[in-house]
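Q: Encoded as structure tokens, here's the structure I'll be asking about.
Where a number appears in this text, it was derived from the coordinates with a stated rule and is not lab data. Keep in mind the model is a prediction, meaning the values are calculated, not measured. Note: ideal-geometry Cβ built from the backbone for every residue, glycine included; neighbour counts use all protein chains shown.
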Amino acid sequence: MIFPSKAASMVSTKKFTSDLEIVNQSVTLRQMFRPARQMKFSFLENSSEAVLVGADPATPPREEVRGQDEELTARCQDLVRLLDLDDLMDRLVVEWNPRMRSCAGRAFWPQGLIQLNPRLASISDSEVERTILHELAHLIAYERYPYRAIKSHGKEWRQACVDVGIPGEKATHELALPSRSHRRQWQYECPRCKKSFERVRRYKSAVACYECCRKTTGGTYNPSFQLIEVRLAR
């Protein structure tokens, strides 16, 4: 997993919250995440070949890779420099993240960070290259339009894909990567509207129902609507 993830509340997962939004007692997530929009994407395995500048298709698969990859970082920097994005080039780093499972790769803007799933190395070098280019296209799109609310896989991203050599790139993958499931241990319910949702992690601070706060206090935290916490016995 640039999803730019635009959190409108303390609850961003559509699966559990629907229209229930949460307000933090001190600051909303919208304020916290505005400076750094994060994105997370993966891709299809059956795509056409695409190789980065300087890549050697005959290179054997990497084993137990982790941490920053200086070679891949340099290749991405060279490609970005050709597109006259020098500021992004200075920030750009590619690294292997062993904690990633079902996600093939993800990009973080404005940090300029690309993270890759080490399991890609055991699939094929061409898949590694395509994943990097896919994520690099996200960084390029957001670097070109930093003040515009662009779609993650919109026309700006598609144009960036063309620029890096992967026209027609898809937004998702069909790779044989393991998935992960988490048991939800906490349930939260608004004492007023009775809307509820479940979470894997417990909130570390007091939160309230955003909809109820918005109707009564204009969106400011109101302890009268603080969510009721219940630990699920499963």
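Q: Between Lys215 and Tyr147, how many nm apart are label points set 7 Å from Cα along the C-beta direction?
A: In this crude spin-label approximation the distance works out to 3.8 nm.
Q: Round to the nearest 0.05 the FRET efficiency obtained for Glu198 and Thr172 when R0 = 30 Å and r is the Cβ-Cβ distance.
A: 0.70
Q: Which FRET efficiency value, to the nearest 0.05, is calculated for Ala233 and Arg99 with the Förster distance at 45 angstrom and r the Cβ-Cβ distance?
A: Values: r = 29 Å, r/R0 = 0.64.
With R0 = 45 Å, the Cβ-Cβ based efficiency is 0.95.
Q: Order of 86-94, 143-151, 214-222 by packing, highest average Cβ count within 10 Å first? Please report the intermediate quantities before stating the final value.
A: Working: 86-94: 17.1, 143-151: 12.3, 214-222: 14.3.
Output ranking for 86-94, 143-151, 214-222: 86-94, 214-222, 143-151.
Q: Here is a further query. Using θ = phi - 60° and the Karplus curve 6.51 cos²θ - 1.76 cosθ + 1.60, what whole-Hz ³J(HN,Hα) does each residue of the range 137-146 get, with Gly and Pro shown as x?
A: 4, 4, 4, 5, 4, 6, 5, 6, 10, x
Q: Post the alpha-carbon centroid distance, the range 181-234 to the range 61-117, in whole angstrom.
A: Using only Cα atoms to place each centre, the spacing works out to 37 Å.
Q: Going by how many other beta carbons lie within 10 Å of each one, how would you line up Val65, Val230, fewest first?
A: Details: Val65 20, Val230 12.
Placing the least packed residue first, the sequence is Val230, Val65.
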